[in-house]
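Data block below; observations after.
The values are calculated or read from the model by the stated rules, or taken from the named source; none is laboratory data. Bear in mind that the values here come from a model prediction, so they are computed numbers and not experimental data. Using ideal geometry, Cβ is built from the backbone for each residue, glycine included, and neighbour counts are taken over all protein chains shown. Accessible surface areas use protein heavy atoms only, side chains included; no ligands, DNA or RNA. Shrake-Rupley method; radii C 1.70, N 1.55, O 1.52, S 1.80 Å.
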Amino acid sequence: LAVSVVRAEIQQEPFLETTEGTSITITCSHPNIRTGDFIHFYRQLPGREPELVAVTAKGSKNLRSPEGRLWVSADRRSSSLWLGRPGRGDAAVYYCALGP
């Protein structure tokens with residue numbers, strides 16, 4: 001049995017911190033993105049499974065929960081997740097991923 005694992009090359013800050021109510025931007029670099037790839041942002045709250053926060057292929061979109069906005073650069077090589085007024089309940093590990 002052969003198993004193939006493909007890992008996208010993605011870079012994001014290892015650690016970011018903000019105070020409650022102060023906006024924060026989480027950036028993600030994905031220089032080798034492919035045409036069919038979508039950009040996914042997940043977050044994992046302490047003791048919970050990862051949950052999808054937002055997904056898009058291009059442009060930008062507003063988010064309701066958590067309140068914020070997802071931007072993708074024109075060349076799709078980077079993206080940013082902006083959280084407008086993060087609260088204690090938004091403290092989590094945030095992940096960026098590429099996929100269908």
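Among the residues of the range 69-86, those that are modelled with pLDDT under 95, over 10 Å from the mean Cα position of the chain (by Cα) and open to solvent by less than 30 Å² (accessible area, probe 1.4 Å) comprise Leu83, Gly84, Pro86. Across the range 87-100, the qualifying residues are those that are outside any loop (DSSP other than H, G, I, E, B) and out of contact with any Lys or Arg (no Cβ under 9 Å at 6 or more places or on another chain), and the one among them that is surrounded by the most Cβ atoms within 10 Å (Cβ to Cβ) is Cys96. Tell me which residues, restricted to the range 1-30, are assigned to a loop (DSSP other than H, G, I, E, B), at pLDDT 90 or above and more than 24 Å from Gly87 (Cα to Cα). Once the filter is applied, which keeps residues that are assigned to a loop (DSSP other than H, G, I, E, B), at pLDDT 90 or above and more than 24 Å from Gly87 (Cα to Cα), the range 1-30 yields only His30.
The one condition from (1) under 15 Å from the mean Cα position of the chain (by Cα); (2) in contact (Cβ under 8 Å) with a residue 24 or more places away in the chain; (3) closer than 20 Å to Gly99 by Cα; (4) open to solvent by 80 Å² or more (accessible area, probe 1.4 Å) that Leu52 does not meet is (2). Restricting the first residue to the range 72-85 and requiring it to be farther than 21 Å from Leu52 by Cβ, which pairs with a second residue that is of a type in the set (A, V, I, L, M, F, W, C) meet a Cβ separation below 7 Å and a spacing of at least six or different chains? Qualifying pairs under 7 Å: Arg77/Ile33.
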